[in-house]
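Notes for the one structure printed next.
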Ligand SMILES: [Zn+2]
């Protein structure tokens, strides 16, 4: 309102109505990521498996990135304004960059902390 009419490069995809619109899918992926993380963590508690533990930790990334994707989609749907005359859909690229960075962080964390808990594969000689 009051903003000058500016060119909007448009959304990269057409809006879709109904259950399968992108916002609902993003919400569902948050729920699925939470459920998977919970299942892996319970499986770790039951089995004591370090592999399941590191997998559960990595699932935190899936939850965070699913939330980031949902936020980015909401921001991306906003119409062009004075500060962003070409629209906001590039917010989704930031979400993709965040996901890549978090995957790297998770990988390093699994190597550092998972390795510390692992039994040595070979017994020391002496
Ligand atoms: Zn804006």
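The numbers here are math on the coordinates, done by the rules we state, and not lab data. What you are looking at is a predicted structure, and each value in this text was computed from that prediction instead of being measured. Positions of Cβ are generated from backbone atoms using ideal geometry, with glycine treated the same way; all protein chains shown enter the neighbour counts.
Here are some notes:
- Normalised by the number of residues in the stretch 22-116, the mean separation of alpha-carbon contacts (under 8 Å, six or more apart) gives a relative contact order of 28 percent.
- Sorted by Cβ density within 10 Å, fewest first, the residues 59, 49, 29: 49, 29, 59
- Inter-label distance, nm, simple model (7 Å from Cα along the C-beta direction), residue 46/residue 111: 3.2 nm
- Radius, Kirkwood style, for the stretch 22-116 when every pair of distinct Cα atoms is counted (Å): 14.7 Å
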